[in-house]
Amino acid sequence: MSETAFVARVLGGVGEVEPAHWDALGGADNPFMSHAFLTAMEDSGSVGPGTGWQAAPIVIGSDSGVPLAALPAYLKGHSQGEYVFDHSWADAFQRAGGNYYPKLQIAAPFTPATGPRLLLADDALGVPLLRAAEQLCEQNGFSSAHATFVDPAQLPIFESAGWLLRSDIQFHWENRDYGSWDDFLDDLASRKRRALRKERKKAQEQVEIRHLTGAQITEAEWDAFWVFYQDTGARKWGTPYLTREAFSLLGERMADQLLLIFAYAGGRPIAGALNVIGKDALYGRYWGCTEHVPYLHFELCYYQAIDAAIARGLKRVEAGAQGGHKLARGYAPAKTWSAHWIADPGFREAVADFLERERHGVEVDQNHLDRRTPFRKGG
């Protein structure tokens with residue numbers, strides 16, 4: 001298929017595409033690429049004017065107007081909410097006299113979860129779609145384009161287009177056909193089993209825990225979760241990324257893909273964790289509390305997520321970015337990938353050199369972490 005057979009267009013938002021057309025390209029399996037999720041970010045004002053995230057999806061269409069390929073892209077005025085840190089790149093480029101911002105970000109906003117970033121009816125359209133992104137940057141003087149948390153299956157397309165690849169580490173729980181929590185515990189070293197049982201008992205003795213999904217999640221639950229989210233967001237990021245309306249819209253548009261795990265004390269919700277249910281994975285996204293209970297964070301975010309994944313037959317739990325403390329709780333190191341296009345040749349060469357050295361460090365870190373997993377030796 002020729003790279004020049006179709007015309008690429010830059011839209012003002014994913015909302016300009018019919019939901020069925022967008023989801024037919026790649027939103028069915030990964031909830032964060034769905035029309036429902038991306039338009040909830042747009043319509044709630046979580047992305048848009050004043051946020052530093054301006055939606056600019058790129059689509060390649062047929063004569064009938066039906067998109068054959070799409071790129072969830074954003075013009076970024078900063079590097080917040082990405083979880084793949086390029087602040088040092090921005091600083092170096094700007095000290096050399098360049099303007100790093102705006103840049104083009106290909107991502108699910110505020111979501112460090114691996115998934116497709118090239119939504120394609122035909123893989124042959126992958127490189128033309130990336131060429132369209134490069135052209136958008138060149139025509140507008142943008143320094144760079146970045147695709148974050150890329151599905152490894154799509155890395156060859158980025159490589160063939162000449163984009164630089166970057167790797168990092170998250171911690172994921174893998175379901176080895178467990179039938180229950182105890183089956184999972186049987187895979188751990190005895191000392192680790194005792195530690196996890198102790199933590200769960202301590203966390204559960206003071207609260208009642210409920211799993212809520214679909215119509216069980218009402219505006220009352222979102223009001224409670226908003227308080228939890230604001231507390232955590234203020235401590236971690238300074239300003240929470242999502243607006244209150246975002247949660248209501250997510251509840252309206254994809255309630256059956258949401259799992260709220262709440263802890264109640266005296267009938268009142270005092271802590272909660274929000275998860276998103278994908279085809280193969282449970283994605284832990286946000287957590288917060290108004291009262292401190294020992295080990296409750298681990299219980300709601302990690303152990304209850306494992307319970308939910310086993311019950312649903314999901315292959316893994318992705319509990320978000322960073323967090324070496326997940327290792328002791330059965331979450332093993334897993335590699336994540338991003339891809340980067342740099343306009344300036346000299347800066348590109350410097351970034352490529354940095355990535356080569358960083359890649360070695362990531363390999364060393366992963367080998368070290370692999371040896372520290374809590375599983376029985378030979379298990």
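The values are calculated or read from the model by the stated rules, or taken from the named source; none is laboratory data. A quick note: this is a predicted structure, and the numbers were derived from the prediction, not measured. Because the Cβ atoms are built from the backbone with ideal geometry, glycine has one as well, and the counts that use them run over all protein chains shown. Side chains are part of the model used for accessible areas, which takes the heavy atoms of the whole protein and leaves out ligands, DNA and RNA. Shrake-Rupley method; radii C 1.70, N 1.55, O 1.52, S 1.80 Å.
List of remarks:
- Put simply, of Gly313, Gly361 the only residue that is loosely packed, with under 15 Cβ neighbours inside 10 Å, at pLDDT 95 or above and under 28 Å from Pro116 (Cβ atoms) is Gly313.
- Failed item, numbered, when Gly15 is tested on (1) under 18 Å from the mean Cα position of the chain (by Cα); (2) assigned to a helix (DSSP H, G or I): (1)
- Tallying residues that are assigned to a loop (DSSP other than H, G, I, E, B) and either among the β-branched types (Val, Ile, Thr) or in contact (Cβ under 8 Å) with a residue 40 or more places away in the chain (or both) within segment 59-102 yields 15.
- First in segment 232-260 and small (Gly, Ala, Ser), second anywhere and open to solvent by less than 60 Å² (accessible area, probe 1.4 Å) and at pLDDT below 90, Cβ under 7 Å, 6 or more apart: Gly233/Pro240; Ala234/Pro240
- Number of residues in segment 168-182 that are farther than 19 Å from Ala107 by Cα, of a type in the set (D, E, K, R) and in contact (Cβ under 8 Å) with a residue 24 or more places away in the chain equals 1.
- Members of segment 303-351 found to be assigned to a helix (DSSP H, G or I), of a type in the set (Phe, Trp, Tyr) and under 21 Å from the mean Cα position of the chain (by Cα), listed by number: Tyr303
- Taking each residue of segment 143-167 that is under 19 Å from Ala334 (Cα atoms) and looking for partners that are of a type in the set (Ser, Thr, Tyr) and open to solvent by 30 Å² or more (accessible area, probe 1.4 Å) with beta-carbon atoms closer than 9 Å, six or more apart or interchain, yields Thr148/Tyr83; Phe149/Tyr83.
- Each residue in segment 278-302 was checked for being in contact with a Phe, Trp or Tyr (Cβ under 8 Å, 6 or more places away or on another chain) and assigned to a helix (DSSP H, G or I), and 4 of them qualify.
- Counting the residues of segment 44-58 that are in contact with a strand residue (DSSP E or B) (Cβ under 9 Å, 6 or more places away or on another chain) and assigned to a loop (DSSP other than H, G, I, E, B) gives 5.
- Scanning segment 206-242 for residues being part of a loop (DSSP other than H, G, I, E, B) and either at pLDDT 95 or above or surrounded by 13 or more Cβ atoms within 10 Å (Cβ to Cβ) (or both) gives a total of 7.
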